[in-house]
Amino acid sequence: MNPSIENIKHILVIGSGAMGSQIGMVAALAGYRVTVQDIAEDMLARAKEQLTSRMQANVAKGRASQEDADAALGRLTFSTDLAAAAATADFVIEAATERLELKQHIFTQLGELTPAHAILATNSSTLGSSKVAEASGRPQQVCNMHFFNPALVMKCVEVVRNEATSQATVDTTLELARRFGKEPVLINREIPGFVANRLMGAIQKEALALHAAGIATLEDIDTTAKTALGHPMGPFELMDMVGLDVIDFIAQATYAETNDDADRPNPAITNLVARGRLGRKSGRGWYDYQS
Ligand SMILES: NC(=O)c1ccc[n+]([C@@H]2O[C@H](COP(=O)([O-])OP(=O)(O)OC[C@H]3O[C@@H](n4cnc5c(N)ncnc54)[C@H](O)[C@@H]3O)[C@@H](O)[C@H]2O)c1
């Protein structure tokens, strides 16, 4: 039995990294009681500190009142205790490290620890929920709920159904995303990259080919994307922001799944990663951020 949207009171977010911490804050800002759970105490402490200072900054800039910020932070609990948090969870968003065995183990635990009505969603970018659905023992209540980075800002949420996902699970997940203030889209079938990352991948691929052929500099390709197409960032700037290691990892995972030559990881990116040029976070990627 799925919970109807009205019965969702307590949301459990698993993983307090880049995505999980902000997803937790999004849910708390929407009025939900939220537990962000992680196995790493230091990650939880860092998430709490970052979210608190972010809310303080919002108050200082006049974007939120002190009362609303305090109330949202008050609805947010950080914990390492999965069993206690899961026992009363109505909806789970798993945002732990991108490793299949790890996620399967988490979904097995969730199947045992959460109430039977709870929907179990994964925020995974590369693993379709069918890969963890059976482990939970309730595949009809499992789907992807894919947020974008930074989750507090980005409006899109891709809700991806697997073959076993029930219509009620899809409807409730879409409605929850709307109540989070997002604009969810429904992906009817699991496909590597879903929709957004496929679109981004196609643009990146063309940009890389144009650059490799010497048709234009990367600066001019980025400028064209911004001034002709209205993109907020050029494809090379975006790759540097996301992290070239992340892009390479996603490409490897996609290629492993499709075995399609068109999905082969780009050698220029693999080469930059091997040289430690990961993008903004390492000070150099396509661009140099050190000078
Ligand atoms: N980073 C992105 O841009 C992005 C965007 C969309 C979706 N995603 C997806 O979100 C998920 C998380 O990505 P991230 O970038 O936040 O990763 P991250 O490395 O920043 O955080 C992962 C967190 O999971 C925790 N963790 C590991 N094992 C755990 C367990 N057994 N139980 C609880 N917590 C555990 C880690 O301690 C860490 O704090 C991945 O599935 C990824 O595909 C990432």
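Data overview
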{"item": "Filter result for Asp245 (outside the structural domain of Val13 (by TED's automatic domain parsing) and of a type in the set (D, E, K, R))", "result": "yes"}
{"item": "Residues satisfying the stated conditions in the range 1-40, i.e. assigned to a loop (DSSP other than H, G, I, E, B) and open to solvent by 10 Å² or more (accessible area, probe 1.4 Å)", "result": "Met1, Asn2, Ser4, Lys9, Gly17, Ala30, Gly31, Tyr32, Asp38, Ile39, Ala40"}
{"item": "Whichever residue in the range 41-54 is over 19 Å from the mean Cα position of the chain (by Cα) and over 17 Å from Ala28 (Cβ atoms) and, among such residues, is surrounded by the most Cβ atoms within 10 Å (Cβ to Cβ)", "result": "Ala45"}
{"item": "Failed item in (1) closer than 30 Å to Asp171 by Cα; (2) surrounded by 15 or more Cβ atoms within 10 Å (Cβ to Cβ); (3) of a type in the set (Val, Ile, Thr), with Thr97 passing the rest", "result": "(2)"}
{"item": "Top-ranked residue of the range 117-149 - restricted to ones that are open to solvent by 30 Å² or more (accessible area, probe 1.4 Å) and of a type in the set (D, E, K, R), ranked as nearest to Leu186 (Cα to Cα)", "result": "Lys131"}
{"item": "In the range 263-276, the residues that are in a loop (DSSP other than H, G, I, E, B) and closer than 12 Å to Ile247 by Cβ", "result": "Pro265, Asn266"}
{"item": "Conditions (1) at pLDDT 95 or above; (2) touching a strand residue (DSSP E or B) at 6+ places or on another chain (Cβ under 9 Å); (3) within 16 Å of the ligand (Cβ to nearest atom): number failed by Ser282", "result": "(2)"}
{"item": "All helices (runs of 4 or more DSSP H) inside the range 43-135 with 3 or more residues being more than 15 Å from the ligand (Cβ to nearest atom)", "result": "66-74"}
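The values are calculated or read from the model by the stated rules, or taken from the named source; none is laboratory data. Quick caveat: nothing in here was measured; it's all calculated off a predicted structure. Please note: Cβ atoms are built from the backbone with ideal geometry, for glycine as well, and neighbour counts cover all protein chains shown. Accessible surface is based on the protein model in full, side chains and every heavy atom, while ligands, DNA and RNA are left aside. Shrake-Rupley method; radii C 1.70, N 1.55, O 1.52, S 1.80 Å.
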